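Everything on this sheet refers to the single structure shown next.
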Amino acid sequence: MSWLELAAVALVFLVAASILWSTVRYGMPPMPSLGRAQQAMLEMVEDPLPSQIVDLGSGWGNLAVIFARRFPQAQVIGYEVSWFPWLYSLALKRILGLRNLSFHRRDFRSASIEDDAVVLCYLAREGMESVRSLLEQQRPSRVTVISHHFALPGSQPESVVELADIYQTPIYRYQLRWPEDQIEE
Ligand SMILES: C[S@@+](CC[C@H](N)C(=O)[O-])C[C@H]1O[C@@H](n2cnc3c(N)ncnc32)[C@H](O)[C@@H]1O
């Protein structure tokens, strides 16, 4: 095996190990929302159009890209802990030249959520608990949470759409307000 081949194998191993590590550490692989799920999530954004859209756990960045294209008036921000998917999403942003899109390699638990933001999630139960804690800490006056597959614990969804796939995957939409309608315990 040449040095070049050896370097390529080492790189693949490093990338795979880092994705595995973040999956074990944060409980969710960088599995993207695709096709019908993306479409259903886009359709759940209602007027007035948001000025901030935050993807909590942005993976490879594809969902954030689609939202940045559909909502050019909004700043779309992705937070991702896994460095290779994050690098990929940076490259995607650069290639597509989307100026209203940014990606941070950061734990979303330190994200800043503005009033009237739209929050996107495709996270397992533990991650959804963290989303709830983040919102309770920040108390935006109004926020829309759109979640692929996993419910936000302690809250009643305003609507749920079931995808026409074999799992009938749910997409949840929540409207939360502070201080009036605090998240129910
Ligand atoms: C299933 S993917 C979803 C990707 C994208 N949101 C989508 O729907 O296409 C979930 C991502 O969340 C990331 N993640 C999980 N917990 C996180 C945390 N606390 N902070 C930042 N990223 C996190 C994982 O690394 C993973 O890439």
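Numbers for the structure displayed
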| read-out | value |
| --- | --- |
| Check on residue 5, away from the ligand (no atom under 13 Å from the Cβ), outside any helix (DSSP H, G or I) and either within 18 Å of the chain's Cα centre (by Cα) or charged (D, E, K, R) (or both) | no |
| Matching residues, the stretch 120-139, being away from the ligand (no atom under 11 Å from the Cβ) and either crowded, with 16+ Cβ neighbours inside 10 Å or within 29 Å of residue 14 (Cβ to Cβ) (or both) | 132, 135 |
| Candidate set: the stretch 26-40, residues that are touching a Ser or Thr at 6+ places or on another chain (Cβ under 9 Å) and near the ligand (Cβ under 8 Å from one of its atoms); chosen: the one modelled with the highest pLDDT | 37 |
| Residues satisfying the stated conditions in the stretch 62-109, i.e. within 7 Å of the ligand (Cβ to nearest atom), assigned to a helix (DSSP H, G or I) and over 20 Å from residue 39 (Cα atoms) | 85, 108, 109 |
| Within the stretch 139-168, considering residues that are in contact with a Pro (Cβ under 9 Å, 6 or more places away or on another chain) and hydroxyl-bearing (Ser, Thr, Tyr), the one nearest to residue 59 (Cα to Cα) | 147 |
| Breaking point among (1) in contact with a Phe, Trp or Tyr (Cβ under 9 Å, 6 or more places away or on another chain); (2) more than 22 Å from residue 33 (Cβ to Cβ); (3) loosely packed, with under 13 Cβ neighbours inside 10 Å, for residue 159 | (2) |
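The values are calculated or read from the model by the stated rules, or taken from the named source; none is laboratory data. Values in this document were obtained by computation on a predicted structure and should not be read as measured data. Glycine gets a Cβ as well: all are built from the backbone with ideal geometry, and neighbour counts include every protein chain shown.
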